[in-house]
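Engineer: One structure follows; several queries about it will come next.
The values are calculated or read from the model by the stated rules, or taken from the named source; none is laboratory data. Computed from a predicted structure; not experimentally measured. Here Cβ is always computed from backbone atoms with ideal geometry, including for glycine, and neighbour counts include all displayed protein chains. The area values use the complete protein model at the heavy-atom level, side chains included, leaving out ligands, DNA and RNA. Shrake-Rupley method; radii C 1.70, N 1.55, O 1.52, S 1.80 Å.
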Amino acid sequence: MTNYYDSHDAAPDHDAGRPDTEHGMTRRQLIRHAGWFGGAVVLTVVSGEVISHIADSRDTNAKAAGAAAAGSGALRFVQVSDSHIGFQGPANMDVAGSFTEAINQINSLGFRPDFVMHSGDLTHLSTAGQFNQVKQMMTAMKTDRVFTVPGEHDSIGDAGRAYRRTFGTGTLGDGWYSFDTHGVHFIALVNTLSLEKLGHLGNDQIDFVRKDVAGLSSDTPIVVFSHIPLFAMYPQWGWSTDDALKVIALLRRFSSVTCLNGHVHQLFTKTDGNITFHSATTTAYPLPKPGRAPAPTPQVVPARQLKEALGIRSVGYRQGDRELAIKDQRLA
């Protein structure tokens with residue numbers, strides 16, 4: 001099941017008539033879950049091994065990895081996140097410009113990604129104009145397919161219906177789906193709708209994952225996308241998903257599981273047995289590190305230092321290794 005699109009796709013409304021109060025966020029709830037945007041995370045899968053690398057257009061290691069993978073039939077894809085198209089504020093006066101820079105970064109990696117995944121908060125206020133703008137901007141990405149999952153900013157007041165009209169083609173339920181390519185199984189989850197404090201998946205989506213992976217061999221590499229982290233990064237700020245352990249339990253039998261999320265506007269990696277979690281970086285505006293501010297609100301830095309406040313991380317992972325090889329860099 002896929003929700004990739006081209007400029008001619010028109011997604012149906014999967015929940016016409018659903019009351020806005022069932023899953024929709026109020027603006028007060030939204031304030032408690034201030035959002036963000038991500039840089040580029042390049043994942044290469046070769047012979048069942050998942051190697052992730054967060055890179056910019058000047059990163060020669062990323063270009064070399066892409067060139068090496070080109071002749072091996074490996075999977076190469078890119079993750080971006082939290083573009084917040086429509087945001088207006090001193091933390092970034094031109095988020096559309098930042099997103100354009102991220103797109104240029106993708107197009108300068110030295111290879112054509114098999115697909116690009118946007119892991120949520122495509123927009124800031126989930127208006128039709130903002131959804132149309134971000135969709136049009138993503139047509140400039142040099143890739144055959146673009147996938148998305150929604151953030152809480154994409155679900156304001158309407159339970160995500162406007163998001164699904166634009167990006168929900170081929171999805172199930174509230175927008176979740178899975179697909180296979182290059183021997184890897186991908187699962188895209190929605191944990192931003194029933195949002196009081198923490199992210200939430202719900203029984204229907206957990207049942208979907210249970211049935212979805214039931215027939216897979218335990219040596220199948222699994223990659224999971226979500227907006228809010230599937231681990232307890234900082235629950236006090238809502239940076240966790242309250243029922244994620246039920247999904248994690250279903251993935252324990254697989255030898256290689258990589259979970260990629262957005263939402264926290266900073267690089268963070270956690271390894272738990274066979275499962276590695278990567279939170280993406282931001283190119284819209286930074287958020288404070290957990291606990292270092294009263295709330296996760298956009299941080300204002302001098303304009304010329306904005307890129308320096310945004311990080312990139314290269315992560316190497318080889319199946320069977322106990323530790324990740326991590327290299328952090330600034331975008332500037």
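Residue by residue, here is whether (1) open to solvent by less than 10 Å² (accessible area, probe 1.4 Å); (2) of a type in the set (Gly, Ala, Ser); (3) part of a strand (DSSP E or B) holds:
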| site | (1), (2), (3) |
| --- | --- |
| Val209 | yes, no, no |
| Asp212 | no, no, no |
| His227 | yes, no, no |
| Cys259 | yes, no, yes |
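Engineer: Looking at the stretch 315-332, is at least one residue in contact with a Gly (Cβ under 8 Å, 6 or more places away or on another chain), open to solvent by less than 60 Å² (accessible area, probe 1.4 Å) and either part of a strand (DSSP E or B) or at pLDDT 75 or above (or both)?
Structural biologist: There is no residue in the stretch 315-332 that is in contact with a Gly (Cβ under 8 Å, 6 or more places away or on another chain), open to solvent by less than 60 Å² (accessible area, probe 1.4 Å) and either part of a strand (DSSP E or B) or at pLDDT 75 or above (or both).
Engineer: With the requirement that a residue be hydrophobic (A, V, I, L, M, F, W, C) and either touching a residue at least 24 places away in the same chain (Cβ under 8 Å) or part of a helix (DSSP H, G or I) (or both), what does the stretch 214-225 give you?
Structural biologist: Let us first name the residues in the stretch 214-225 that are hydrophobic (A, V, I, L, M, F, W, C), namely 214, 216, 222-225.
Hits for the stretch 214-225 are Leu216, Ile222, Val223, Val224, Phe225.
Engineer: Check off (1) at positive phi; (2) open to solvent by 20 Å² or more (accessible area, probe 1.4 Å) for Gly175 and give me the number that stays unchecked.
Structural biologist: Single failed check for Gly175: (2).
Engineer: Criterion first (part of a loop (DSSP other than H, G, I, E, B), among the acidic types (Asp, Glu), under 28 Å from Pro298 (Cβ atoms) and under 19 Å from the mean Cα position of the chain (by Cα)) does Asp174 satisfy it?
Structural biologist: yes
Engineer: Can you tell me how many residues within the stretch 259-275 are touching a residue at least 40 places away in the same chain (Cβ under 8 Å) and within 16 Å of Thr241 (Cβ to Cβ)?
Structural biologist: Number of matching residues: 6.
Engineer: Still on this structure, please answer the following. Could you tell me whether any residue of the stretch 273-285 is within 20 Å of the chain's Cα centre (by Cα), part of a loop (DSSP other than H, G, I, E, B), of a type in the set (A, V, I, L, M, F, W, C) and modelled with pLDDT under 95?
Structural biologist: Within the stretch 273-285, one or more residues are within 20 Å of the chain's Cα centre (by Cα), part of a loop (DSSP other than H, G, I, E, B), of a type in the set (A, V, I, L, M, F, W, C) and modelled with pLDDT under 95.
Engineer: Would you please name the residue that is most open to solvent (accessible area, probe 1.4 Å), looking only at residues in the stretch 75-125 that are part of a loop (DSSP other than H, G, I, E, B) and among the hydroxyl-bearing types (Ser, Thr, Tyr)?
Structural biologist: Taking the stretch 75-125 first, the residues part of a loop (DSSP other than H, G, I, E, B) are 82-84, 86-88, 90-91, 93-94, 108-114, 119-122, 124-125.
Imposing the further condition that a residue be among the hydroxyl-bearing types (Ser, Thr, Tyr) reduces the set to 83, 108, 119.
Values: Ser83: 1, Ser108: 50, Ser119: 0 Å².
Top of the filtered list is Ser108.
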